[in-house]
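Okay, here's the structure, questions in a sec.
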Amino acid sequence: MDAAQQEATARARELQRNWYGEPLGTLFRRLIDDLGLNQARLAGVLGLSAPMLSQLMSGQRAKIGNPAVVQRVQLLQELAVQVADGSVSAAEATERMEEIKRSQGGAVLSNTTQNVTSSSAPTVKRVVREIQSLLRSVAAASDIIEAADSLAPTHPELAEFLRVYGAGRTADAVAHYQAHQS
């Protein structure tokens, strides 16, 4: 890989970090490990071609263009947390992944999925990721930072919120959320 390709890949990964909280290669590898998938199966559940998944993971492409795929990524992240904390079994996870695969973005999943999700107390990380996802679906990180800069003189707390959740890392947003609970 030449210097220009390396620079483009680094830029794409930084954009991914701004849009999704981390590079997609890291996020997708974690989902593969946590849910016991391979790349082809993950691509199928997300509704991506295997080459597209590979390009996103390697930083050859920066952005997931389909909002339904972004939602499926978020649903898989939530599922991985539930598998890790033991609230969802491996068999239930397989069933839920099939439902996620069939979801069309904004589609309501089955009652089984809703009951499991709503009966599980939301984790701080899950709440933070929802806030980040919402902000990042409205504007790019650079626009959010620009808005925060314009708010800072008169509304510093709102500016901090926008910076932390709209353009910051998930770990920093979790720390911010926990510091402001009560």
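When both residues are 6+ apart or on different chains and their Cβ atoms are under 8 Å apart, which pairs have a first residue that lies in the range 153-182 and is over 15 Å from Val124 (Cβ atoms), and a second that is of a type in the set (D, E, K, R)?
Ala159/Asp149; Gly166/Arg136
For the structure I just gave you, tell me whether Leu56 is buried (at least 20 other Cβ atoms within 10 Å of the Cβ) and farther than 22 Å from Ala140 by Cβ.
Considered against the rule, which asks whether it is buried (at least 20 other Cβ atoms within 10 Å of the Cβ) and farther than 22 Å from Ala140 by Cβ, Leu56 comes out as no.
Could I ask something else about it? Quick check: anything in the range 21-37 touching a Lys or Arg at 6+ places or on another chain (Cβ under 7 Å) and in a helix (DSSP H, G or I)?
No, the range 21-37 contains no residue that is touching a Lys or Arg at 6+ places or on another chain (Cβ under 7 Å) and in a helix (DSSP H, G or I).
Please specify each residue of the range 58-77 satisfying the condition of being in contact with a Leu (Cβ under 6 Å, 6 or more places away or on another chain) and either within 16 Å of Glu98 (Cα to Cα) or assigned to a helix (DSSP H, G or I) (or both).
Val69, Arg72, Leu76
Then there is this: All but one of (1) exposed (fewer than 15 other Cβ atoms within 10 Å of the Cβ); (2) under 18 Å from the mean Cα position of the chain (by Cα); (3) at pLDDT 80 or above; (4) in the same structural domain as Leu42 (by TED's automatic domain parsing) hold for Gln104; state the number of the condition that does not hold.
It fails just one condition, (3).
Please count how many residues of the range 163-182 are part of a helix (DSSP H, G or I) and over 23 Å from Glu78 (Cα atoms).
1
Check off (1) under 28 Å from Val81 (Cβ atoms); (2) over 17 Å from the mean Cα position of the chain (by Cα) for Pro153 and give me the number that stays unchecked.
Against the list (1) under 28 Å from Val81 (Cβ atoms); (2) over 17 Å from the mean Cα position of the chain (by Cα), Pro153 comes up short only on (1).
The values are calculated or read from the model by the stated rules, or taken from the named source; none is laboratory data. What you are looking at is a predicted structure, and each value in this text was computed from that prediction instead of being measured. Positions of Cβ are backbone-derived with ideal geometry, glycine not excepted, and every protein chain shown enters the neighbour counts.
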